[in-house]
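Some notes on the structure that comes next.
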Amino acid sequence: MFCIKCGKTAKIDNFCEDCFLQKEKLFEAKDLELRFCEHCGIKQEAIKEYVEDRVKSENELEKIKTDLKIVGNKVYTKITCTGKIKGVPKEETKKILVVLRKKTCDMHVKLFGGYYEAVIQARGPEKEKIMEQVRKLVPQKALVSIESLKEGYNIKIMRKANAGKAAKALAKNYKIRKTFKLAAEKKGQKLYRNYYAIR
């Protein structure tokens with residue numbers, strides 16, 4: 001049997017291996033738009049991961065390589081895939097454009113609005129030390145503000161989880177009293193704020 005395109009010996013679907021690979025696509029990739037928080041920023045690895053996650057193929061892909069060239073808000077992207085189509089090895093390259101769009105993530109919207117879910121109250125003779133430890137234990141982006149008071153510091157923290165984790169670590173060396181206060185009501189649901197008094 002001969003290839004219906006070039007006349008060489010046919011191997012797959014009435015085509016020789018070369019003609020078969022010419023007509024078959026290993027993968028599909030389209031131009032993309034990627035939204036990212038302008039305050040958090042974005043790394044090249046995140047762009048690569050975003051692109052590679054959107055490569056489509058019904059074939060067996062073994063490797064995906066992505067090369068980026070960033071110019072302003074445009075990322076000129078070259079995608080090279082190696083794999084097999086019906087058992088026949090193929091390497092294929094496609095070029096796409098990724099347009100970057102800035103936005104503000106939910107966390108920064110809340111941060112700029114002064115939103116917080118918990119307060120760590122540094123009190124007692126070691127209030128300065130407690131405050132410094134909290135600053136180290138809580139991620140910078142989750143720390144909303146530090147209020148200096150006569151009796152100590154009120155450290156406002158965006159997420160309850162971050163405050164709880166810090167309080168648990170401090171409980172090894174300090175006394176902690178946990179309380180709750182009603183902060184607001186949303187759609188009939190009461191929202192409480194956590195307070196940790198540490199001394």
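None of the figures in this text is laboratory data; all of them are computed from the coordinates on show. Keep in mind that what you see is a predicted model, and the values were worked out from it rather than measured. Ideal geometry is used to build each Cβ from the backbone, glycine not excepted, and the neighbour counts take in all protein chains shown.
Which of the residue pairs K5/K63; K63/K95; K141/K168; K11/K84 have a Cα-Cα distance greater than 18 Å in the structure shown?
K5/K63; K141/K168
Just checking my list (1) 91, 37, 35; (2) 45, 43, 33; (3) 62, 48, 34 against Cα extents along the principal axes in Å computed from this structure; which label fits?
So the calculated entry is the one marked (1).
Could you work out [θ]222 nm for the chain from helices alone, using -39500 (n - 2.57) per DSSP H run of at least four and dividing by all its residues? Round to the nearest 500 deg cm²/dmol.
Value at 222 nm, helices only, nearest 500: -6500 deg cm²/dmol.
Please state the charge dipole magnitude for region 17-103, taken about the Cα centre, from unit charges on C-beta atoms (+1 on K and R, -1 on D and E), reported in debye and rounded to the nearest 20.
440 debye
Which of K186, K168, K90 moves most in a GNM of the chain, Cα contacts under 10 Å?
K186
Considering only G164, V109, P139, whose Cα is most displaced toward the positive end of the charge dipole of region 106-198, charges sitting on Cβ of Lys, Arg (+1) and Asp, Glu (-1)?
Selected residue: G164.
In whole Hz and in residue order, list the ³J(HN,Hα) couplings for region 31-43 that follow from phi through the Karplus curve 6.51 cos²θ - 1.76 cosθ + 1.60, θ = phi - 60°; x for Gly and Pro.
So the J values, rounded to whole Hz, are 4, 10, 10, 10, 9, 9, 6, 5, 8, 6, x, 9, 9.
Anything in the chain that counts as a DSSP H helix reaching 18 Å or more along its axis (C-alpha) with Kyte-Doolittle mean of at least -0.5? List them, would you?
Span-like helices here: none at all.
For L32, enumerate residues with amide H under 5 Å from its amide H, sequence gap 5+ or separate chain, H modeled in the peptide plane.
L97, V98, V99
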